[in-house]
Amino acid sequence: MNEKLAGALRRAVLWAGLLILISVVMLIRQVIDIYQAEVYRSSLQPHVLVENTLLGANQTPQALFANALFYDHQVKPEQALSEFAALISKLPEGDPLRQQAYFNSGNIYLRTAIRLLEQRGLPAWDEAGPLVALAKESYQKALRVEPDWSEVKYNYHLALRLAPTTHGMSGPQQYEDEQIKAEEEPSGWPAMPGNPRGMP
């Protein structure tokens with residue numbers, strides 16, 4: 001009887017120790033989350049970059065989103081897109097922050113393409129065309145998750161108007177080249193194959 005009691009007491013102590021260990025780990029995780037949230041909150045007030053790397057405070061999804069918006073406001077599209085890409089890789093499909101990242105990425109691509117076309121005109125299409133295609137792709141990803149999102153639909157249609165189709169041609173420059181080539185090719189009688197009949 002004494003051995004049974006001692007065995008039961010050992011198991012109870014073991015289970016209690018395991019529960020205490022799990023509780024301590026959960027408490028530490030909560031403290032880290034609170035710290036990261038505080039770092040993020042303190043950076044929002046003055047709207048500064050979240051640079052604190054202690055306990056990964058600058059790598060939380062919220063911090064990555066805030067940093068991406070910061071870079072976007074500073075007109076640094078490459079850094080903003082990099083932060084959005086890091087955010088997207090951390091979050092599961094259907095997460096609202098991931099949807100926002102797709103939407104904002106599309107906006108950056110579209111704004112950059114429009115800026116290039118306004119500054120340099122039609123010759124900039126070789127650079128702007130792929131950006132418009134990336135914008136459309138980002139908007140499509142956002143719409144797959146939430147098909148009724150009106151802002152995304154509106155911007156997607158703007159991108160479609162800028163470049164209705166990017167399949168089969170790289171842009172206006174290639175279209176113009178194809179038109180010139182078509183005008184240079186002979187048409188009518190000289191274009192007919194074989195020997196002409198009915199004329200001397």
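We did not get these values from a lab; they are worked out from the coordinates using the rules stated. Treat the numbers as computed from the prediction; the structure is a model and nothing was measured. All Cβ positions, even for glycine, are placed from backbone atoms using ideal geometry, and neighbour counts span all protein chains on display.
What FRET efficiency would be calculated for the residue pair Ile22, Val75, taking the C-beta separation as r and a Förster radius of 41 Å, to the nearest 0.05? Once the sixth-power term is evaluated, E becomes 0.30.
Rg and Dmax over the alpha-carbon atoms of the stretch 97-140 stand at 10.9, 36 Å.
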